[in-house]
Amino acid sequence: MSMGSDDLWEVMSTARSIRRFAADPVDDRVLDRCLEAATWAPSGANAQCWRFVVLRSPEVRAVVARAAAQALAVIEPVYGMSRPAAADDTPRARSYRAIYELHDGAGEHASVLFAQQKLPATSDLLLGGSIFPAMQNFLLAARAMGLGACPTSWTSYGGEQVLREVIGMPDDWVIAGHVMIGWPRGSHGPVRRHPITDVVDVDRWNHEAVTSLDRANAQRRAGTT
Ligand SMILES: Cc1cc2nc3c(=O)[nH]c(=O)nc-3n(C[C@H](O)[C@H](O)[C@H](O)COP(=O)(O)O)c2cc1C
């Protein structure tokens, strides 16, 4: 089982997507803590118009597996992805292998749907702003507890309808996200992201910001600290 951590900075910087899971089921105590963390997220007007649906019975997992297979059929040509040869040990092959394992094994593991109630006169983006913080809290809590998790796009590639039907979701709710969970085979590790100088502006768009963190990193690289 993977190591958890109570250090927020370690958790945030190592909460990589985990796609390869052990067979051990996720116990309720761990899952409930992650779900409780999800409920601590902010939402517009603190309306909390969210539902978190745990998908774990064999019948429902079979539908998740269908959604995963459907998504794979859509994304393979889009990303030019194919199953790597057994002998291929390049980083790309390893990454594809993990993606295929996640999709192929979708029916064997639990997952969570993040649903948001539609609100009149509220844009989809604004609605998203009231549910994705909950999903991120869930992902960080999972990482803190050593649990593996991977968001998926499966509801966007034809899976939404079958999942709505199997859980009986009312028409005025939308599925915002779906996260596979399980005990990691392998470990969490540092996330790879663009440096903040590439993504931060101050006062003006495309203004080159030099932040204190940037200066500290430059000094560290130059060995002056
Ligand atoms: C909205 C969303 C949808 C995603 N869908 C998939 C997916 O369908 N299959 C998959 O293997 N990973 C999926 N991911 C995981 C991303 O590929 C992953 O977060 C990204 O490559 C960064 O890698 P990291 O999370 O390991 O740092 C999704 C992530 C997000 C946020």
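The values are calculated or read from the model by the stated rules, or taken from the named source; none is laboratory data. Nothing here was measured: the structure is a model prediction, and the numbers come from that model. All Cβ positions, even for glycine, are placed from backbone atoms using ideal geometry, and neighbour counts span all protein chains on display. Keep in mind that these areas ignore ligands, DNA and RNA; they rest on the heavy atoms of the full protein, side chains included. Shrake-Rupley method; radii C 1.70, N 1.55, O 1.52, S 1.80 Å.
Observations, loosely collected:
- Taking the 1.4 Å solvent-accessible surface of region 8-192 as the whole, the part contributed by carbon and sulfur is 55%.
- Checking every one of the trypsin sites (Lys or Arg not before Pro) in region 135-225 against DSSP loop status and a limit of 12 other Cβ atoms within 10 Å picks out 192, 193, 204.
- When the Cα convex hull of region 8-192 is projected onto planes of every orientation, the mean area is 11.2 nm².
- Cα gyration tensor shape of region 1-70, rounded if a/c is under 1.5, else prolate or oblate by comparing a/b with b/c: oblate
- Inter-centroid distance (Cα atoms) of region 16-54 relative to region 86-152, Å: 11 Å
- Compared with the direct C-alpha span, the chain from residue 32 to residue 92 gains 18.1 nm at full extension, assuming 0.36 nm per residue.
- Legend: calculated FRET efficiency, residue 23 to residue 82, from the Cβ-Cβ distance at R0 = 30 Å, rounded to 0.05, equals 0.65.
- Within region 116-212, chymotrypsin sites (Phe, Trp or Tyr not before Pro) in DSSP loop having at most 11 other beta-carbon neighbours inside 10 Å: 205
- Remark: the Cα gyration tensor places region 87-225 in the oblate category, a/c being 1.5 or greater and a/b not exceeding b/c.
- Note that region 1-114 presents 59 Å² accessible area per residue, ligands and nucleic acids not counted, probe 1.4 Å.
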